[in-house]
Every structure is written in C-alpha cells, then in structure tokens.
1. Kindly indicate whether Lys301 is charged (D, E, K, R), touching a residue at least 60 places away in the same chain (Cβ under 8 Å) and part of a helix (DSSP H, G or I).
2. Restricting to segment 201-217, give me the number of residues that are part of a loop (DSSP other than H, G, I, E, B) and under 37 Å from the mean Cα position of the chain (by Cα).
3. Test Cys54 against the criterion of being within 29 Å of Ser299 (Cβ to Cβ), open to solvent by less than 60 Å² (accessible area, probe 1.4 Å), of a type outside the set (Gly, Ala, Ser) and in contact with a Phe, Trp or Tyr (Cβ under 7 Å, 6 or more places away or on another chain), and give yes or no.
4. On the basis of being farther than 19 Å from Glu374 by Cβ, surrounded by 14 or more Cβ atoms within 10 Å (Cβ to Cβ) and at pLDDT 85 or above, does Ile433 make the cut?
5. If a residue must be under 24 Å from the mean Cα position of the chain (by Cα) and surrounded by 20 or more Cβ atoms within 10 Å (Cβ to Cβ), how many such residues does segment 379-398 contain?
6. In segment 143-161, which residues are open to solvent by 20 Å² or more (accessible area, probe 1.4 Å) and either among the aromatic types (Phe, Trp, Tyr) or in contact with a Gly (Cβ under 9 Å, 6 or more places away or on another chain) (or both)?
7. For segment 174-197, does any single residue satisfy the condition of being assigned to a helix (DSSP H, G or I), over 20 Å from Leu298 (Cα atoms), outside the structural domain of Asp44 (by the TED database) and among the hydroxyl-bearing types (Ser, Thr, Tyr)?
8. Which one is surrounded by the most Cβ atoms within 10 Å (Cβ to Cβ) among residues in segment 457-482 that are outside any helix (DSSP H, G or I) and modelled with pLDDT under 80?
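The values are calculated or read from the model by the stated rules, or taken from the named source; none is laboratory data. All values derive from a computational prediction rather than experimental measurement. Cβ placement follows ideal geometry from the backbone for every residue including glycine, while neighbour counts extend to all protein chains displayed. The protein model used for the area step is the full one, side chains on, heavy atoms only, and it has no ligands, DNA or RNA in it. Shrake-Rupley method; radii C 1.70, N 1.55, O 1.52, S 1.80 Å.
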Amino acid sequence: KMAAAGGPGAAAALWSEVNRCGQNGDFARALKSVNKILQISKDDVTALQCKVVCLIQNGNFKEALSVINTHTKVLPNDVIAFEKAYCEYRLNRIENALKTIQSASQQTDKLKELYGQVLYRLERYDDCLAAYRDLIRNSQDEYEEERKTNLSAVVAAQSTWEKVMPEDLGLREATYELCYNSACALIGQGKLNEAMKKLQRAEELCRQSLSEDSDVTEEDIEAELAIIHGQMAYIMQLQGRTEDALQLYNQIIKLKPTDVGLLAVIANNIITINKDQNVFDSKKKVKLTNAEGVEHKLSKKQLQAIEFNKALLAMYTNQADQCRKLSASLQSQSPEHLLPVLIQAAQLCREKQHAKAVGLLQDFADQHPANAAEIKLTMAQLKIAQGSVTKACMILRSIEELQHKPGMVSALVTMYSHEEDIDSAIEVFTQAIQWYQQFQPKSPVHLSLIREAANFKLKHGRKKEAISDLEELWKQNPKDVHTLAQLISAYSLVDPEKAKVLSKHLPSSDTLSLKVDVDALENSHGATYIRKKAGKVTGDNQQKEQGQGDVKKKKKKKKGKLPKNYDPKVTPDPERWLPMRERSYYRGRKKGKKKDQVGKGTQGSTTAGSSELDASRTASSPPTSPRPGSGAAVSATSNVIPPRHQKPAGAPATKKKQQQKKKKGGKGGW
C-alpha cells in the first residue's frame, strides 16, 4: 500500500517534516504532514497519536476527542489515556475525565498531575491534597514550584469553602502565587489584617517578577495584579470599608480583565454592597455574572451565591415572577438550603401575604427539622410584625435547642412582659435554670440566670418565689454580701424575724473600711454642693461654737422689696397678681379717645382749643412771642395739657433744619 501511494521514501520524508515542525512548535503544519501519512496508512498508531497531539496543541479538543473515539480499536485507553482525559478536562467534562484516568492500567506522572487538577475541579479537596503531596514527594523536576503552588491553592480552598483549619505546609512564600494563596487561607480563618499584609507582599513580588521582563508593559502588570486587588477589595468589604472596596472594584472593571470568573465575582460583590439601593447599577453588573464560561471558573458555592443575589435583585426591582422563578430553581437544586425559601417568603411579605409566607416557612420546617431553628426565628419575626406577640413566643419556645440560651430567655421574658404575662415569663426562667442545673450546673450563665430571675420576681411582686432564688444564690456563695442584702430586703417584707436573723450575717461597720477623701469628693468638679471653708476661729468665739455645737443657726430672712409707689395707708389690690385683662374691674380700652386729640391740618398745628392755650391772648402775658426752645407760659386760668401732649423743647429748630436739608437735596438733583 505504501508503495502505491508513493513508496517508503515519501513516508520517511513526511515523518521528517512532522519531527521538524514539532520541534519548531508549528503544529498546524505538522498536522498536514500527519494527515498525508494517514492517507498512506490510515491505522498507523503513531500517526494517529501525533494527530491527536497536534489537534490538542492547536486547541481543537473536540476534534481530538473525536479521533480518539473513532479509533478505539487502534488506540486503546492504555495507549492514549492521558490525551483523552486531558481533552475531556478541557471540554469541562470533569466526571468523564476522572473515569478515564481511573480506568488506565498504568498511572504515569502525567496522569497523576491531571488527576490532581480533576479532583480540585470536583472540589474533592482532601483527595486532591493527598495526590499533590504524593507528587511532590516522588517528583524532582523543574515543575516543583508549580506543584507547591497548587498544593497551597487546595489548602486555601479548604479554609474558604469547608472552614477547615489549614495546616502549616512549611512552604517558603517566595512567589506572589504562594503569597496570594496564603492570604486566601487567612481570609477563610477570618484573619483579615494578616491577609491584607500577605496580599500587599504578593503585589510587591508580582511587580518585581514582571518588571524583570522588558516586554511586559504597565497594563500587563495591572492586569496580572487584578486578582490580588480583587481580594484586597473583598477584605475591605468584610471590614465595613464599603466605599474603598467599591472604588477598587470599579477600577478593576475598567481594566477589562479577560478572566470572566474574576469579573463575575467582583460584579456580585458590588451587587451585595448596593443591596436595595442603586438597583440600576446592580442590573448592569449582573450581566457580567452571565458571561460565557463563568460556570467553569467558579466553585459551586460561588455560583450559588450569585444565583441567590440574582433572585434578591429581582425582588428589589419588583420583578415578582422572576424572583419566584429563580428561587424555585434554587430550591430544586438544593432542597435543604434555607435561602431559597426565605427569599420566597420575603417576596410574599412584600405582596402583603404574611399568612402564606408563614405557611410556606412552616412546611419547610416540617420537612427539614435540622434547619427548623432559623426558619422558626423568621416565622416569629413575621408574627411580631403582624402584632401577634403571643404566637411569636409560642414559635420561639418550640425551638428546643435554643430554649436555654440567654438571648432567647431575654427575648421571651421581654415579650411576655410586654403582654403582661408574668407567669409565662417566670416559666421561661425556670425551664432555662433547670436545663443548666442538669447539664451545666457550674456554668456562670446558670448563676446569672438565677439572679435575673430573682430580680424579675422582686420587680413584679413575687417575693416568696424570689426568696428561693436568692437563697440558692447565697448558698452557692455565702460571702456574697450583695445577694445577702437582697435576701434580707425581701424577707423584711414577708418575714421580718427571718430578716433579723439573716442580718446577723452581714459584716460589721468596723470591717467595712471605706477609704473616701471627703474633702476631695466635695471639691471635685461634679460635686453639686461644696462646703464653704470655715474661717479662723479664735478665743471666745471658738468656745461659743463648742458649747453651742448642737444648736442650729437661724438664717436671717431678707425683707422683701416694696414697690416705689407703695402707700401703707392704702389696702393693696387683692387682684394685683392677675393680668390686667383677668381682673374683675377691667372694662377694656376706650376707643377713639386719642383720635379726638390728634390735631388736623399742617404739621405742628394744634387742636381746636389752641386759642385757649395761646399765652399772647391772656392779659398777663407780654406782647412778644416766646423764644424758640423755651417753655410757653401758661395762664393760671387755662386747662393744663399733660406732658405727653406738649411739644418737645427745641422742636421748631429741628424742623427748620430738616426743611433746609430737603431744599438742599432738591437743588443738587439727586
């Protein structure tokens, strides 16, 4: 056959071409030569293997897998297991890749490397950790640093998603990848400040390593740093520095990184910051989470969180049908998860269907008892919002695992007190105290609850019940004077004789050493009363003070001030303390009195009776008129005008000045 196609010489030349192209990395040209060889011999195993490798190098994974599957007789799994598994891995057929690797008769180093990657994508972190440890232990080549980086990535994933305490691998963090993975592990532990320092170190190492390459631009460095900056922003968000985080997130988006997974995570985090505000920005950002290939870049928990936020965003934007559709889909994927049913209940509450929301939550609690506690807390909150406090208390008391918790006891007692159901409140205290007596009798919470119960009973008049609690406390700590004082106080209202007997246990006043500097206390800034410093007392005065020490000094009363027009002969008006309008003799103001006295005519003219006041017409007055500024002489027979109706002295002169000013102003043309 080979002779018919051109002879052995042609085939040898083609193989030489394939070898040369392979060494030069020109796999497209090598593929052409391989295809020519396969035309000569279609079942040539080496040629088929070369074709698969060329297709993989060119990124044609589907075609490579098709060649493998169509030549299963010639290419058995043992021969081409790695190439087949790698194609399946790159096509995101992770489960198929795992089966291919496990079915191989011989586990080569290449298969082990791929096996570790497959386990990581399947989120089987324990198995993945064991695989990489085995590889590092049994391999010695130039890829050791990459294996250590992958190992640290597994530890970081365990810390983040499984909340496993990461072990110290003893890796020297000489590369920015190792520093970055270490920071991620610290974030999973909640050590945010330490994680931020690691990320800053990773940024320094990244800049150093990339700046050594002259072909790398500043834009390339910023693109590589995007994932580090993204984690920095996430730490800021966790620390409550939302404005700083938002600014850094938006800077990364402006760079337009090619990593769709990074963009999706950043967009999701911005949506969580926006919440029910700035929903238009959130609707733009949510498009980044729908990019092609995102589902293969992120973990299951990351993808789930994104879907939850999409449902919440639909609720905030009043897209009720979309919200129900997304939450129902999430519930079908994770039937035991709380968030989908909580989102559905929240949507029903927005639609004022509170009863339906409570029913939905109750059904979930019945079907999933393990998650019932959180659901019942939500149900209680809805009942309180409806004003059904008693029903809310019943729901809370049905959560057995939380009944003894101090927070739950406090909430129930407060709610029952609001409803004035004191018996139920005391019952809550009793049940919690009994739980601690049975399981944790020496817990400080136990004694704290007994004290709180006693105080509550005393406050609501249940003295006998409070006494039993106080006796229990005193029995636990006989040296507790505060408890003893409370017990004596309670007994004094019920059994005074018993109170007297118990009072003997109180410490004597001599033993109570109160080291208080009275002078310093009285002279302090916050003292409301400051004792006046006594002056020097000498001689007889000192003896008088000593002899009359127990006689109180009488303070002299100051005489009250009397009004200026006070007349001792006249009886004071008994209604003088009342406002004028409220006095019995008040008749109101007389209207029109002043109008009659107002002069009409030119300015300065007097009333109609002015002729009677003209001094020039009287017999006793001299013929000359009075000087300006002097008081006019009034005859003894004329009516006296009150001072307020007289012209003020010097008025005519003032008038003349004003007229002169007006004239002057008129000439000036102002």
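1. yes
2. Here the count works out to 0.
3. No: the conditions fail for Cys54.
4. Values: farther than 19 Å from Glu374 by Cβ: yes; surrounded by 14 or more Cβ atoms within 10 Å (Cβ to Cβ): yes; at pLDDT 85 or above: yes.
Taking the combined requirement at face value, the residue satisfies it.
5. Counting residues in segment 379-398 that are under 24 Å from the mean Cα position of the chain (by Cα) and surrounded by 20 or more Cβ atoms within 10 Å (Cβ to Cβ) gives 3.
6. To start, the set of residues in segment 143-161 that are open to solvent by 20 Å² or more (accessible area, probe 1.4 Å) comprises 143-146, 148-150, 153, 160-161.
Scanning segment 143-161 gives Tyr143, Asn150, Thr160, Trp161.
7. yes
8. For segment 457-482, the residue satisfying everything is Asp480.
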